[in-house]
Amino acid sequence: MFQTFSIDSLSFFEAVIQPAFADIVPTGFPFQGTLNEFTIMDNVVSKRPIIDIRRVQNILQRRDGSCDINYKKVVGATTRQIAVEEVYGATQFCRNEFYQGCLKDFRANDPLFGNKILPFFQGAVNVDIASNAYFGDVDRISPVNAQWSTNIFDGIFKWIKKYITGGVIPAGQTIAIADGTDYTTNATAAYNLLNSMYNKQPVLMDAFLDSQKAFYVSKDIASGYEDYLISTGTQAQGYTLLANGIKQLSFKGIPVLVENIWKPIIAEIKGSLGHAAILTLRGNFVFATDKNYGEGEDGKTALEVWYEKKEMQWYYRIFMKAGTQIGLPEFNVIALSSWS
């Protein structure tokens, strides 16, 4: 029998939020998509600085005949901020509405309602976190009958556009993908896109190991690139053999990771086919939350499930904070279709 319950904010973070962002497969397995590439900041109450600490080079000096020593700074730092929004999810279900049609036969034992609804609710919240983590824009008016949540908190693509406009991401590290581009029918265009992005890396980013970087691409770009490898007989150069023997799609040694939710979300926002690709350092996207935030009587409850006898309804609700940032914006090469 399904029971009412509530859990505090820390337990909610450990049971729901952290697993959503965790790599749920052993190290070395192929990319599983979306959230497991984010770095988590779990103690952001409202705003926190992101401190870019960088090692300063060129400190070695020739010794002269004096006792004077010129001391140089070994690190430099700049400060930006990451902020969070207070958000929630809530839904209600009625057994009588649930057990209709062919499900009526299950009502006596009630095996579906209690066991399935909570995972459905948690899964829906996780999808909304993922869609906003990339495409969120609090200023966006969602399309009518939108299937994807994209205006609850600001996501990575909004930050990218801000950093491009502000010159933090140089124009030379960006590519505008023309409307109507179809990489599934033009395999060479997919290869050329990745090659152009590779060549647009800033010098310092290019110095990082290939294993420390990744291409994040919408599905059609990866499909087109794979078609290119097949058509040119160069599959051996387009895959990296992982430690467990599984092949990982790659471009010149850099993993090419498919973000399956990008294509349908871009199509909904844009109203037509669109694409996106990002070449950056792995873990460069940051998700912020507050593992101590909650609501309710104690101010600490993050997930609640209860039954109201008068209304004959089950209720589910969660409370959390969410926001994103980019750790090192200048270490990004961006290719985007236009969308608002």
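The values are calculated or read from the model by the stated rules, or taken from the named source; none is laboratory data. Everything numeric here is computed off the predicted structure, so don't read it as measured data. Every residue, glycine among them, receives a Cβ derived from its backbone with ideal geometry; neighbour counts consider all protein chains shown. We work out accessible area using only protein heavy atoms, side chains counted, and drop any ligands, DNA or RNA first. Shrake-Rupley method; radii C 1.70, N 1.55, O 1.52, S 1.80 Å.
Take L273 and decide whether it is in a loop (DSSP other than H, G, I, E, B), over 16 Å from the mean Cα position of the chain (by Cα) and touching a residue at least 24 places away in the same chain (Cβ under 8 Å).
Answer is yes for this residue.
Determine which member of the set K247, K310 is touching a strand residue (DSSP E or B) at 6+ places or on another chain (Cβ under 7 Å) and of a type outside the set (A, V, I, L, M, F, W, C).
The conditions single out K247.
For residues that are at pLDDT below 85, assigned to a loop (DSSP other than H, G, I, E, B) and more than 20 Å from I129 (Cα to Cα), tally how many sit in segment 311-340.
2
Considering only residues that are touching a helix residue (DSSP H, G or I) at 6+ places or on another chain (Cβ under 7 Å), under 28 Å from T39 (Cβ atoms) and of a type in the set (D, E, K, R), which ones fall in segment 191-235?
Across segment 191-235, the qualifying residues are K200, K219, D220.
Among (1) more than 28 Å from P143 (Cβ to Cβ); (2) surrounded by 19 or more Cβ atoms within 10 Å (Cβ to Cβ), where does F287 come up short?
Checking F287 against (1) more than 28 Å from P143 (Cβ to Cβ); (2) surrounded by 19 or more Cβ atoms within 10 Å (Cβ to Cβ), the one that fails is (1).
Being modelled with pLDDT under 95, surrounded by fewer than 16 Cβ atoms within 10 Å (Cβ to Cβ), in contact with a strand residue (DSSP E or B) (Cβ under 8 Å, 6 or more places away or on another chain) and closer than 20 Å to R282 by Cα narrows it down to one of G238, G253, so name that one.
Being modelled with pLDDT under 95, surrounded by fewer than 16 Cβ atoms within 10 Å (Cβ to Cβ), in contact with a strand residue (DSSP E or B) (Cβ under 8 Å, 6 or more places away or on another chain) and closer than 20 Å to R282 by Cα holds for just one of G238, G253, which is G253.
Can you report the number of residues in segment 260-269 which are in contact (Cβ under 8 Å) with a residue 60 or more places away in the chain, more than 15 Å from A335 (Cβ to Cβ) and either open to solvent by less than 50 Å² (accessible area, probe 1.4 Å) or not in a loop (DSSP other than H, G, I, E, B) (or both)? If you could, list the steps in order and put the result at the bottom.
Just the residues of segment 260-269 that are in contact (Cβ under 8 Å) with a residue 60 or more places away in the chain, to begin with: 260-262, 264-266, 268-269.
Among the residues that remain, those that are also more than 15 Å from A335 (Cβ to Cβ) are: 260-261, 264-265, 268-269.
This time we only want the ones that are either open to solvent by less than 50 Å² (accessible area, probe 1.4 Å) or not in a loop (DSSP other than H, G, I, E, B) (or both), so: 261, 264-265, 268-269.
Adding up the residues that qualify gives 5.
Mind checking whether some residue in segment 290-300 is open to solvent by 40 Å² or more (accessible area, probe 1.4 Å), touching a residue at least 40 places away in the same chain (Cβ under 8 Å), part of a loop (DSSP other than H, G, I, E, B) and closer than 25 Å to F93 by Cα?
yes
Looking only at segment 303-333, which residues are in contact with a Gly (Cβ under 8 Å, 6 or more places away or on another chain) and among the acidic types (D, E)?
Once the filter is applied, which keeps residues that are in contact with a Gly (Cβ under 8 Å, 6 or more places away or on another chain) and among the acidic types (D, E), segment 303-333 yields only E304.
Anything in segment 276-305 that is farther than 30 Å from K252 by Cα and either at pLDDT 85 or above or of a type in the set (S, T, N, Q) (or both)? List them, or say none. Reasoning before the result, please.
Of segment 276-305, the ones farther than 30 Å from K252 by Cα are 288-305.
The answer is A288, T289, D290, K291, N292, Y293, G294, E295, T301, A302, L303, E304.
Of the residues P111, P143, only one is more than 25 Å from Y307 (Cα to Cα) and either surrounded by fewer than 20 Cβ atoms within 10 Å (Cβ to Cβ) or at pLDDT 95 or above (or both); which? It would help to see each step written out before you state the result.
Working: P111 fails: more than 25 Å from Y307 (Cα to Cα).
Exactly one of P111, P143 is more than 25 Å from Y307 (Cα to Cα) and either surrounded by fewer than 20 Cβ atoms within 10 Å (Cβ to Cβ) or at pLDDT 95 or above (or both), namely P143.
Taking only segment 52-93 into account, find how many residues are at pLDDT 75 or above, among the acidic types (D, E) and open to solvent by less than 90 Å² (accessible area, probe 1.4 Å).
Adding up the residues that qualify gives 1.
Restrict the check to segment 164-181 and report whether at least one residue is at pLDDT 90 or above and under 30 Å from W314 (Cβ atoms). Full working, then the answer.
The initial filter retains those residues of segment 164-181 that are at pLDDT 90 or above, namely 164-181.
Filter once more, keeping what is under 30 Å from W314 (Cβ atoms): none.
Checked segment 164-181: no residue is at pLDDT 90 or above and under 30 Å from W314 (Cβ atoms).
Taking L249 as meeting all but one of (1) within 22 Å of I164 (Cα to Cα); (2) in contact with a Gly (Cβ under 8 Å, 6 or more places away or on another chain); (3) of a type in the set (A, V, I, L, M); (4) in a strand (DSSP E or B), write down the number of the exception.
Going through (1) within 22 Å of I164 (Cα to Cα); (2) in contact with a Gly (Cβ under 8 Å, 6 or more places away or on another chain); (3) of a type in the set (A, V, I, L, M); (4) in a strand (DSSP E or B) one by one, L249 breaks only (1).
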